[in-house]
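Below: one structure, written as structure tokens.
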Amino acid sequence: MSAQSHASKVAPVKQQVAVIIPAWNEAGRIAATVRATAALPYVDLVLVVDDGSADATQAIARDSGAVVMRHPHNRGKAEAMQTGAAVVAMRDREGAPPRHLLFLDADLGDSAANSTPLIEAVVAGRTDVAIAVIPQQTGAGSRGFALSLARRSIRQATGFSAQAPMCGIRCLTRQAFEAVIPLAHGWGVETAMTIDLLNAGYSVEEIPCNLKHRASGSDLRGLLHRATQYRDVLVAVTARGVKSAARDAAGRVARA
């Protein structure tokens, strides 16, 4: 038997997916989210990063079957995402390709089972990054100021017209994730991540998924939350604009 014919009979290594769930005070929903996630195709690791919760999120997530890492105090979603990716890398099997990464919100509950299309798009090699487009959430009170800013910023920076510019529910290859760290701080993380991925040459696809999470309402708390979102997106995209302008200026100087 020739080496070539022997190689053709070796089964390819199946690409696996790790789910990373940043969580902060989600004791009421984390169990359902973890259980639904564990049944997703290609998933062989569910990791919850407890970002300094004051409730029983950590214990409930672990009892539900997740691997749990805990920050001693709240460090923000971007830090939780990076912690999760680092832990997954340490758990990748030697000789196997690195796991793809599926980031999910902790409050999705049973609906997390509907994120399969994101996994399938990346595992099939159709795209480097698959982002969920979710239905309008019941009780959402947003007037869309932060969302409009995020959409406009992505389009101006990359030419890509995003439907869900602030959605953190996304599956991507390890290579794509590592190309854009460190991540932007706060609620600007998703918008900045999409800009950085596209500018680095990675393909991005938005895919409708029937996912449900807790929406912020029209009360004072909801208004303050959306104001913080707007601020964080503005800071993140402004920083990227400054960096882009600096690169362009340096390029002009080098060509002069």
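Listed values, structure above:
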| item | result |
| --- | --- |
| Any hit, region 90-97, residues being of a type outside the set (F, W, Y) and closer than 18 Å to A38 by Cα | yes |
| Single unsatisfied condition, Q82 versus (1) open to solvent by 10 Å² or more (accessible area, probe 1.4 Å); (2) under 16 Å from the mean Cα position of the chain (by Cα); (3) closer than 18 Å to L183 by Cα; (4) without any contact (Cβ under 8 Å) to a residue 40 or more places away in the chain | (4) |
| Selection within region 20-44 - within 20 Å of F177 (Cβ to Cβ), out of contact with any Ser or Thr (no Cβ under 7 Å at 6 or more places or on another chain) and not in a loop (DSSP other than H, G, I, E, B) | I20, P22, T37, D44 |
| Candidate set from region 122-148 (those that are at pLDDT 95 or above, touching a helix residue (DSSP H, G or I) at 6+ places or on another chain (Cβ under 7 Å) and more than 13 Å from I195 (Cα to Cα)); member that is surrounded by the most Cβ atoms within 10 Å (Cβ to Cβ) | A130 |
| Tabulated pairs, region 37-60, first at positive phi and in contact (Cβ under 8 Å) with a residue 12 or more places away in the chain, second surrounded by 17 or more Cβ atoms within 10 Å (Cβ to Cβ) and hydrophobic (A, V, I, L, M, F, W, C), C-beta under 8 angstrom, 6+ apart or interchain | Y42/V17; Y42/I119; Y42/V123; G52/W24 |
| The lone exception for W187 - which of (1) buried (at least 18 other Cβ atoms within 10 Å of the Cβ); (2) within 19 Å of T83 (Cβ to Cβ); (3) modelled with pLDDT of 95 or more it fails | (3) |
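Each row is one residue, and each column tells you yes or no for (1) over 20 Å from E190 (Cα atoms); (2) part of a strand (DSSP E or B).
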site: V46; (1), (2): yes, yes
site: S53; (1), (2): yes, no
site: M81; (1), (2): no, no
site: E94; (1), (2): yes, no
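The values are calculated or read from the model by the stated rules, or taken from the named source; none is laboratory data. Since the structure is predicted, the reported quantities are computational estimates derived from the model, not experimental observations. Backbone-built Cβ (ideal geometry, glycine too); neighbour counts: all protein chains shown. Protein only, heavy atoms only, side chains kept; ligands, DNA and RNA dropped before computing areas. Shrake-Rupley method; radii C 1.70, N 1.55, O 1.52, S 1.80 Å.
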